[in-house]
Amino acid sequence: MTPRVRFAPSPTGYLHVGSARTALFNWLHARSTGGTFVLRIEDTDAERNRTDLTDSLLAELEWLGLDWDEGPYFQSERCDRHREVVEDLLGRGLAYLCDADNQEVAGSTLVDGLAVRFRMPVGATMAFADVVRGDVSFATDDLEDFVIWRSNGSPM
């Protein structure tokens, strides 16, 4: 299988050394294995995003010599698709609405002001093969349900 890796910075600040390191490792992995390096801009935080910072991120990656094979894709352009998937998960009981106190709220459609959490399976074990760490497994009971849709109406 050919690796497909991505780097997904948020345009809420300048590229910092930790993010540059992640981009470099992913880029090197893609280049050394004949894989694909995808650039995705994580611009769903409308309150903090800045267009000039997106331009800066692209310029900084180019300055570092990191070219991408696909993208940049902007998450904000896929909000309709994210909404469809979240509504499907709600309808199938695989996700739930929650309030500011992280309490479950009855309902199976998106509601303004409520977040949506993915419902982790109870008593299950997740397992996968990781390129770096090898075989990895963990109990889902060790994980909390995680937010997949923000209360402000945007995807995570």
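No value in this document is a laboratory result; all are computed from the given coordinates. Values in this document were obtained by computation on a predicted structure and should not be read as measured data. Please note: Cβ atoms are built from the backbone with ideal geometry, for glycine as well, and neighbour counts cover all protein chains shown.
Suppose R0 equals 30 Å. What FRET efficiency, 1/(1 + (r/R0)^6) with r the Cβ-Cβ distance, do residue 78 and residue 139 give to the nearest 0.05? Let's see the in-between values first.
On the way: r = 32 Å, r/R0 = 1.06.
Taking R0 as 30 Å, the efficiency between residue 78 and residue 139 is 0.40.
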Pick out, from 156, 29, 107, the residue whose Cα sits farthest towards the positive end of the charge dipole of the chain, with +1 on the Cβ of Lys and Arg and -1 on the Cβ of Asp and Glu. 29
Sticking with the crude label model, points 7 Å out along Cα→Cβ, report the distance from residue 70 to residue 131 in nm, one decimal please. 1.4
At a Förster radius of 30 Å, what calculated FRET efficiency corresponds to the Cβ-Cβ distance of residue 16 and residue 47, to the nearest 0.05? 0.90
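Considering every Cα-Cα pair within the chain, what fraction, in whole percent, is farther apart than 26 Å? Numbers along the way, then the final one.
On the way: 5322 of 12090 pairs.
The calculated P(r) of the chain puts 44 percent of pairs beyond 26 Å.
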For residue 1 and residue 146, FRET efficiency with R0 = 30 Å and r from the beta-carbon atoms, rounded to 0.05? 0.70
Separation of region 31-80 and region 90-147 by C-alpha centroid, Å? 27
In whole Å, largest first, what are the principal axis extents of the Cα atoms in region 79-149? 42, 26, 20
Mind listing which trypsin sites (Lys or Arg not before Pro) in region 1-94 are in a DSSP loop and have 14 or fewer other Cβ atoms within 10 Å? 48, 50, 92
According to the square roots a ≥ b ≥ c of the eigenvalues of the Cα gyration tensor, what is the shape class of region 4-68, taking rounded for a/c under 1.5, prolate for a/b larger than b/c otherwise, and oblate for the remainder? prolate
